[in-house]
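**Q** Handing you this structure, nothing more for now.
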Amino acid sequence: MPKSIHSTQPPLKFIPQRHNPFVVKVVSWFLPLILRVRTRPWLPAGIVNIEAKNAEGLAKLYHEFQAGKVRFLIAFRHPEVEDPLSMLYLLSRIVPQLAREKGINLKYPVHSHFMYERGMTLWAGNWLGWLFSRLGGVPIRRGRRVDRNAIQTARELFANAEMPIAIAPEGGTNGHSSIVSPLEPGVAQLGFWCVEDLKKANREEQVFIIPIGIKYSYVNPPWQKIDWLLSKLEADSGLPMTEISANGKEQEGILYQRVLRLAEYLISEMEEFYRRFYHQEFPEIISSEVPINEVLITRLHRLMDTALKITEKYFNVQSQGNFIDRCRRLEDAGWNYIYRDDIADIPSLPPFKRGLADWVAEEADLKMQHMRIAESFVAVTADYILEKPTPERFAETLLLMFDMLSRIQNSTLPGRPRLGLKQSMISVGEPINVNTRWENCQGNKQALRQGVSDLTQDLQVMLEGLIKD
């Protein structure tokens, strides 16, 4: 995440994709090293093992794509920032090796275009935009009603590129390997457009969307590291630290009670913050029959709604849709205040106008921090840990709390602490034939809209099925 912004910035220009096979090959060569580097303590935990289920179907689809028989889009889960590495390993290592073993003829390298969120270059640096463009990436501005450059480029690539295109239909990470966020309709819409474009060109390729689930687990359960992180969060928040002396199920129960205790404390502190300084009301929720975890999730959602409403009021954005939709719109609204498309030459502004522009940018950046806090918890549920108290679910929940505390303590979000080495399981689902759905929806625009909605819902169900424990 970038440091606090104190001055107006140039506009976020579209970065055209400039696929360079040599760059792809170099990155593929160094992928094992990149995966090892990710294990550095100040970076997210590295991935030491990647496996795939049903990858033969993907290899066959690539063979048919290269033979000019099909077009397809890879719709992959996006729980963590490590997902691009997992996908690159799948395409550059697992699929080619499996193709050789099964006698499936493929042209190399096996790769794909992909879409990435334009804001990634803000916290990672401009070098990432350069690299992603050479790898075949297309940037998109989340939250914009229509990002024409991104949509038109993706549509053109889907129908005519020499490689498939990969998109995360969730639109961003949610920090949960076992929860799929509500999908955006863009993937389904691109599928329908691709069928239309091929029909207009009198081409006979079939169009498919292939769902791919990604799930992470720790090689060794990092209970000691989880206890350490929880103790750190307790100390940073002002709660007395609690030592763990129990083992097994008893340890899990104590950890869970500590997580609830920390969550209740943080929610109470944030409620008091918004009550005192933003004049918001939080009526007490009293119910002896409702479990404490359900009460906390109700309070958390109320707190998130409050934070978003404060930001929406400042940016004059309507409160519509779910938490994810609202966060995306606010992000785009904030960027419009900071990265000014309406200023042709920032350095040439008179000092007075430059001062006003800087003032607007700095205040917008501060207001967006309310949204960022809410954004961290969009996928949190009341029973996530309780239904399966695995080290992965404990870790994911605590790391989200770590993100929140880090954002409040420092505008520069540090790398998450390493809790342990991870392994990735990639599950390839059955391809969805888009042609059949498109043909069943001919007649009027309402039928097409319903077809896009139905396809999006079916894709959601398929992705959820691919990550079931």
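The values are calculated or read from the model by the stated rules, or taken from the named source; none is laboratory data. The shown structure was predicted, so the numbers you read here are calculated from the model rather than taken from an experiment. Counting neighbours? That spans all protein chains shown, and the Cβs are built from the backbone with ideal geometry, glycine included. Calculation scope for accessible area: heavy atoms of the full protein, side chains included, ligands and nucleic acids excluded. Shrake-Rupley method; radii C 1.70, N 1.55, O 1.52, S 1.80 Å.
**Q** Would you mind classifying the stretch 101-197 by shape? Square roots of the alpha carbon gyration tensor eigenvalues, ordered a ≥ b ≥ c; an a/c under 1.5 is rounded, otherwise it is prolate if a/b is larger than b/c and oblate if not.
**A** On the way: a/c = 1.34, a/b = 1.24, b/c = 1.08.
In terms of gyration-tensor shape, rounded.
**Q** May I pose another question? What is the list of residues in the stretch 413-444 whose amide nitrogen lies under 16 Å from a point 7 angstrom out from the Cα of Asn49, following Cα to Cβ?
**A** Within reach of a label on Asn49, which here means backbone N under 16 Å from a point 7 Å along Cα→Cβ, the stretch 413-444 contributes 420-427.
**Q** Report the gain in length on full extension from Glu439 to Asn322: 0.36 nm times residue separation, minus Cα-Cα distance, nm rounded to one decimal.
**A** 39.0 nm is the gain from fully extending Glu439 to Asn322.
**Q** In square angstrom, what is the accessible area per residue of the stretch 223-419 with a 1.4 angstrom probe? It would help to have the intermediate numbers written out before the result.
**A** Values: 10130 Å² over 197 residues.
It amounts to 51 Å² per residue over the stretch 223-419.
**Q** Using only Cα atoms and rounding to the nearest 10 degrees, what angle (0 to 90) does helix 323-338 make with the longest principal axis of the chain?
**A** In the chain, helix 323-338 runs at an angle near 90 degrees to the longest axis.
**Q** Here is a further query. Please list 3J(HN,Hα) in residue order for the stretch 420-436, calculated via the Karplus relation 6.51 cos²θ - 1.76 cosθ + 1.60 where θ = phi - 60°; whole Hz, with x for glycine and proline.
**A** Here the 3J(HN,Hα) series is x, 6, 10, 10, 10, 10, 9, 10, 8, x, 6, x, 9, 7, 7, 4, 4 Hz.
**Q** Stokes-Einstein D for the stretch 275-377 at 10 °C, 1.306 mPa s, Kirkwood Rh over Cα pairs, in µm²/s?
**A** Result for D is 101 µm²/s.
**Q** Give me the one-decimal nm value for the distance between modelled label points at Gln257 and Lys200, 7 Å along each residue's Cα-to-Cβ direction.
**A** The answer from the label model is 6.5 nm.
**Q** Let me ask another. Given contacts defined as C-alpha pairs under 8 Å and at least six residues apart, what's the relative contact order of the chain, whole-number percent? Numbers along the way, then the final one.
**A** On the way: 697 pairs, mean separation 142.0, N = 469.
Result for the chain is 30 percent.
**Q** Given labels modelled 7 Å from the Cα in the Cβ direction, how far is it in nm from His6 to Lys313?
**A** Reported label-point gap for His6 and Lys313 is 2.9 nm.
**Q** Would you work out the charge dipole size for the chain about its Cα centre, treating the Cβ of every Lys and Arg as +1 and the Cβ of every Asp and Glu as -1, and quote it to the nearest 20 debye?
**A** Numbers: 57 positive and 55 negative charges, 321 e Å.
It comes to approximately 1540 debye.
**Q** Using only Cα atoms, find the angle between the long axis of helix 248-277 and the longest principal axis of the chain, and express it within 0 to 90 degrees, rounded to the nearest 10.
**A** Helix 248-277 and the main axis of the chain meet at about 80 degrees.
**Q** Given a Förster distance of 51 Å, report the FRET efficiency between Glu430 and Ser268 from their Cβ-Cβ distance, rounded to the nearest 0.05.
**A** So the FRET efficiency works out to roughly 0.60.
**Q** Here's something else I'd like to know. By average Cβ neighbour count within 10 Å, what is the ranking of 186-196, 122-132 from highest down?
**A** Descending mean neighbour count gives 186-196, 122-132.
**Q** Compute, for Lys422, the solvent-accessible surface of its heavy atoms (probe 1.4 Å) with the complete set of protein chains present, and express it in square angstrom to the nearest 10.
**A** 20
**Q** What do you get for the angle between helix 351-375 and the principal long axis of the chain? Use alpha-carbon atoms, 0 to 90 degrees, nearest ten.
**A** So the helix axis and the longest Cα principal axis differ by about 90 degrees.
**Q** Separate question: Rounded to the nearest 20 debye, what is the charge dipole size of the stretch 348-469 about its Cα centre when +1 sits on each Lys and Arg Cβ and -1 on each Asp and Glu Cβ?
**A** So the magnitude is around 360 debye.
**Q** What figure in square angstrom, to the nearest 10, would you give for the accessible area of Leu33 with a 1.4 Å probe?
**A** Roll a 1.4 Å probe over it and Leu33 shows about 80 Å².
**Q** Based on DSSP, what percent of beta bridges with both residues in the chain are antiparallel, to the nearest 5?
**A** Here the share of antiparallel DSSP bridges comes out near 30 percent.
**Q** Can I ask one more? Give the average over all directions of the projected area of the C-alpha convex hull of the stretch 223-419, one decimal, in nm².
**A** Hull-based average projected area comes out at 13.7 nm².
**Q** Now a separate question. Going by the alpha-carbon gyration tensor, a ≥ b ≥ c the square roots of its eigenvalues, is the stretch 324-441 rounded (a/c under 1.5) or, if a/c is not under 1.5, prolate (a/b greater than b/c) versus oblate? Show your work: numbers first, answer last.
**A** Numbers: a/c = 2.79, a/b = 1.43, b/c = 1.95.
Because a/c hits 1.5 or more and a/b fails to exceed b/c, the stretch 324-441 counts as oblate.
**Q** Can I ask one more? Can you give me the convex hull volume of the Cα atoms of the stretch 164-234, divided per residue and expressed in Å³?
**A** 115
**Q** Here is a further query. Determine the calculated [θ] at 222 nm for the chain from helices alone, applying -39500 (n - 2.57) to every DSSP H run no shorter than 4 residues and normalising by the residue count; nearest 500 deg cm²/dmol.
**A** Using -39500 (n - 2.57) per qualifying helix, the result is -17000 deg cm²/dmol.
**Q** Could you work out how far apart the two model spin labels at Leu128 and Ser237 are, taking each label as a point 7 Å from the Cα in the direction of the beta carbon, and quote it in nm?
**A** Spacing of the two 7 Å Cα→Cβ label points: 2.8 nm.
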